[in-house]
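Some notes on the structure that comes next.
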Amino acid sequence: MRKHLIGHLFGAAAAVVVAGLVTACASAPTAGELPDQSAVAEVSLVDVDGNPHSLAEFRGKVVLLDFWATWCAPCLESLPLYDTWQQDLGDQGLVVVAVSVDEEDAPVASFAAKYAPHVTVLRDAKGDAASRFGLPKMPTAFVLDRSGRIVEAHPGFSEEEAQTLRKSLVQRLAAP
């Protein structure tokens with residue numbers, strides 16, 4: 001009887017979790033869909049040293065805003081690549097901002113130092129910014145134009161998609 005009751009409770013809990021995930025996925029943007037522009041204005045995060053930052057401070061630059069986590073396998077590929085882009089294109093006005101959604105602070109700084117030392121790393125431990133941007137998957141990168149508007153969304157990571165993203169960044173950097 002007790003095993004039967006535990007099985008029912010586990011099943012009910014699983015149903016609640018699945019329902020929550022379906023609801024969250026239904027409200028998240030699909031590939032290429034852009035979040036509300038107010039998401040940018042409302043983002044205020046801290047760096048790995050605890051210093052506050054807002055996305056508004058990067059106006060005048062083209063921003064590659066990448067949401068990532070230390071547990072995200074594709075982030076092991078995307079962050080080093082974005083770090084290279086920061087080095088190659090930073091003098092043209094590119095700023096790569098990598099926003100960690102890890103709940104714990106400890107692994108973020110060492111992970112970022114190893115895989116993306118030239119990138120601005122910010123923290124979103126509570127997931128507030130990630131919620132505002134409605135991340136469809138990890139990692140997800142957004143491109144912000146020089147006026148701070150979200151102009152592209154790139155959910156996930158693949159070499160093919162990365163080539164497309166880089167071409168887009170180069171074109172935006174060349175525009176006045």
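Some observations on this one:
- Of all the numbered requirements in (1) within 23 Å of residue 173 (Cβ to Cβ); (2) in contact with a Ser or Thr (Cβ under 8 Å, 6 or more places away or on another chain); (3) modelled with pLDDT of 95 or more; (4) not small (Gly, Ala, Ser), residue 102 misses one, and that requirement is (1).
Listed here are the residues, each with its yes/no results for (1) buried (at least 16 other Cβ atoms within 10 Å of the Cβ); (2) touching a residue at least 40 places away in the same chain (Cβ under 8 Å).
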site: 140; (1), (2): yes, yes
site: 147; (1), (2): no, yes
site: 161; (1), (2): no, no
site: 166; (1), (2): yes, yes
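- In the set 122, 144, only one residue is among the hydrophobic types (A, V, I, L, M, F, W, C) and under 14 Å from residue 69 (Cα atoms); that residue is 122.
- Residues of region 69-88 satisfying the condition of being buried (at least 16 other Cβ atoms within 10 Å of the Cβ) and either without any contact (Cβ under 8 Å) to a residue 12 or more places away in the chain or farther than 18 Å from residue 166 by Cα (or both): 69, 70, 72
- Going through (1) farther than 16 Å from residue 47 by Cβ; (2) surrounded by 21 or more Cβ atoms within 10 Å (Cβ to Cβ) one by one, residue 131 falls short only on (2).
- Some residue of region 138-150 being of a type in the set (Val, Ile, Thr) and modelled with pLDDT under 95: yes
The values are calculated or read from the model by the stated rules, or taken from the named source; none is laboratory data. On a predicted model such as this, the values are computed, not experimentally measured, just so you know. Using ideal geometry, Cβ is built from the backbone for each residue, glycine included, and neighbour counts are taken over all protein chains shown.
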